[in-house]
Amino acid sequence: MIKNVFFITLFLTLNSLILFSQNKKTDNLLELQIKAKVLKYNDQINFNKAQRFFFEKNWDSTLVYSMKQLSKTKNKELKDYCHYFRGISFQNKKILDQAKKEFGQISSEFDFYYKVNFSLGEIALQQNKLEEALSYFNSIDKLHERSYDFKKSSVSHNIGLCYLHLGNFAKAEKYLFESTRLQEIEKDTLLLIGSYMDLANLYYIQYKDNEAIPYFEKAYNLSKKVKSFDLKRAAAKNMAAVEENRKNFQTALVYRKEFEAWKDSLNDQNKVWAIADLEKKFAVQQKQKEVNVLAAENKAKIAERNGFLISSVLLLILFGTGVYFYRQKIRSNKIILKQKEELDELNATKDKLFSIVSHDLRSSVNALKTSNGRLQENLENKNYEELDTLLHNNSTIANGAYNLLDNLLNWALLQTKQTYFYQESLHLASIVQQVEYNYKPLMLIKNISFTSNVPSGEYVFADMDSLKIVLRNFLDNAIKFTKENGSISIYTRPSSEDFCYLVIEDTGLGMSKSTREELLKDSVLLSKKKNDDIIGTGLGMQLCRSMIHKNGGKLDIESEENIGTKIIIALQKFKNHG
């Protein structure tokens with residue numbers, strides 16, 4: 001039973017490694033061909049931008065400009081390339097069904113149709129449609145590698161995986177050995193680690209432990225030489241499972257600790273806060289220097305004015321000079337006053353940062369200290385069930401602290417006007433789908449049902465990064481305050497001529513009328529927590545409110561205690577969308 005669970009976990013892990021290694025390969029032939037098309041169709045501006053963003057791996061911009069090109073051209077050749085750009089973009093964004101639709105619209109006459117088959121095979125493999133994936137990879141395996149720009153090792157690797165999960169172990173062994181041999185020649189370390197784990201798994205599920213374990217060890221040792229945290233975690237987890245099956249629990253615990261260590265990003269979060277605080281102090285010092293320089297310049301001008309007044313003989317010249325220097329003084333005072341106000345704002349920002357960090361991070365760290373103490377006690381008692389619970393609690397505390405630090409950084413950047421802000425036409429359903437993808441695991445843990453009914457025809461005029469931050473905060477709050485077996489839904493209300501109304505509704509704890517009014521006030525920064533079990537400072541709400549207003553939108557809240565909450569975000573429509 002342990003080996004079956006292990007096998008499923010490994011399959012999902014290796015799928016991501018296959019895609020990673022293959023995408024790192026430079027498609028020289030494809031790139032040269034696309035550059036030739038750019039020269040041939042030099043009047044097609046949208047195609048030129050789409051291919052540029054494609055090679056820069058800016059998938060969102062690639063999708064925007066390839067769609068614009070598709071809406072304006074009937075050229076079959078350009079359409080094939082645009083659908084290919086979109087298919088690869090959706091595949092990298094893990095929107096697999098949409099990627100399949102785009103690949104399905106490419107004609108078989110496309111010069112790089114074998115690449116389309118490879119991508120479709122990868123998608124089928126990720127969706128566990130093994131026979132379908134095998135047919136795609138076999139069609140590529142028949143091609144001569146020298147005539148095309150693909151890796152034989154990657155194709156053999158994927159075919160081996162298909163046979164492995166279909167239970168044809170003899171063929172799986174043949175193809176996996178072939179891919180491993182080629183990868184050792186190519187020195188493709190990342191993909192080689194995955195192949196070692198595949199071979200180990202092949203033997204392991206057949207209970208050939210003596211043949212499997214050396215490959216697990218090879219994968220683990222090789223993972224220490226790469227920078228991929230995912231590979232390091234997978235290798236350590238595999239070794240832990242092997243040692244647990246061998247009843248070497250002490251050794252397994254060492255590997256488990258290593259696996260958890262790679263997951264723990266709390267130290268990195270503290271570094272992020274430290275850097276933000278250092279930058280804030282530096283900004284304050286710079287502003288103080290500017291104030292000192294202006295004060296010195298002002299003193300010099302006053303001295304010059306006094307000398308000129310004394311040397312003046314004529315009353316008219318004296319009067320004119322007095323008026324001139326008076327105006328200069330007013331102007332200088334305004335500059336100094338403006339600089340002082342900016343300095344006061346920066347000092348206030350620093351004080352607020354210290355206040356938040358000293359309160360909430362201290363609480364999180366104290367909770368971690370207490371939990372770690374209990375971990376040590378249970379480790380000595382070998383109470384593994386309690387250890388598992390405490391480790392999950394630590395992960396929840398760390399995630400809460402990370403969200404706080406992320407909001408702090410974004411809020412500080414917004415206050416000091418260091419954020420890059422660019423409003424453009426955004427497809428609202430796609431943005432919601434991207435944010436939803438990141439939070440699905442959290443909703444599954446609490447068994448929260450989720451529905452999204454955002455119409456595909458809605459386009460808004462907003463900055464993409466700030467809109468994602470707003471949606472992440474509100475969706476995170478909805479999950480946090482919704483009990484197990486609850487529900488969350490995102491939909492739109494009937495819109496006006498100028499605004500689109502996006503609603504995020506949950507069946508959580510809700511809030512009173514006074515709390516709702518307090519959260520909507522512009523002056524609120526910190527909210528006192530009524531429930532110590534829930535991390536929240538109100539900073540996320542102010543950050544969202546500020547970013548919505550900066551995008552020209554509005555925020556409203558409908559809520560009742562113990563019934564649920566509706567967050568209504570009014571966003572400007574993009575009226576010129578074609």
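The values are calculated or read from the model by the stated rules, or taken from the named source; none is laboratory data. None of the values given here were measured: they were computed from a predicted structure. With ideal geometry, Cβ positions are generated from the backbone for all residues, glycine too; neighbour counts draw on all protein chains shown.
Annotations
- Filter result for residue 176 (assigned to a helix (DSSP H, G or I), assigned by TED's automatic domain parsing to the domain that holds residue 252, of a type outside the set (Asp, Glu) and at pLDDT 85 or above): yes
- Qualifying residue in the stretch 130-148 (condition: within 27 Å of the chain's Cα centre (by Cα) and of a type in the set (Gly, Ala, Ser)): no
- The stretch 425-458, residues that are in a strand (DSSP E or B) and over 16 Å from residue 469 (Cβ atoms): 425, 427, 449, 450, 451, 452, 453
- Any chance residue 506 is in contact with a helix residue (DSSP H, G or I) (Cβ under 8 Å, 6 or more places away or on another chain) and either modelled with pLDDT of 90 or more or closer than 23 Å to residue 462 by Cα (or both): yes
- Residue in the stretch 420-433 that is closer than 26 Å to residue 484 by Cβ and either of a type in the set (D, E, K, R) or modelled with pLDDT of 75 or more (or both) present: yes
- When residues of the stretch 69-90 are limited to those that are more than 20 Å from residue 33 (Cβ to Cβ) and assigned to a helix (DSSP H, G or I), the one nearest to the chain's Cα centre (by Cα): 90
- Candidate set: the stretch 430-458, residues that are crowded, with 19+ Cβ neighbours inside 10 Å and in contact with a Phe, Trp or Tyr (Cβ under 7 Å, 6 or more places away or on another chain); chosen: the one farthest from residue 500 (Cα to Cα): 443
To keep it simple, each residue is scored yes or no on (1) under 30 Å from the mean Cα position of the chain (by Cα); (2) charged (D, E, K, R).
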position: 211; (1), (2): no, yes
position: 216; (1), (2): no, no
position: 220; (1), (2): yes, no
position: 224; (1), (2): yes, yes
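- Residue check, residue 256 in contact with a Phe, Trp or Tyr (Cβ under 9 Å, 6 or more places away or on another chain), in the same structural domain as residue 162 (by TED's automatic domain parsing) and not hydroxyl-bearing (Ser, Thr, Tyr): no
- Condition check for residue 213: touching a residue at least 60 places away in the same chain (Cβ under 8 Å) and in the same structural domain as residue 240 (by TED's automatic domain parsing): no
- Condition check for residue 211 on (1) of a type outside the set (A, V, I, L, M); (2) at positive phi; (3) in a helix (DSSP H, G or I): one failure, at (2).
So that you can scan it fast, the table gives a plain yes or no per residue for (1) in the same structural domain as residue 228 (by TED's automatic domain parsing); (2) closer than 24 Å to residue 435 by Cα; (3) surrounded by fewer than 16 Cβ atoms within 10 Å (Cβ to Cβ):
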{"position": "46", "(1), (2), (3)": "no, no, no"}
{"position": "53", "(1), (2), (3)": "no, yes, no"}
{"position": "66", "(1), (2), (3)": "no, yes, no"}
{"position": "79", "(1), (2), (3)": "no, no, no"}
{"position": "101", "(1), (2), (3)": "no, yes, yes"}
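- Taken over the stretch 519-551, the criterion of being at pLDDT 75 or above, surrounded by 15 or more Cβ atoms within 10 Å (Cβ to Cβ) and part of a loop (DSSP other than H, G, I, E, B) is satisfied by 551 alone.
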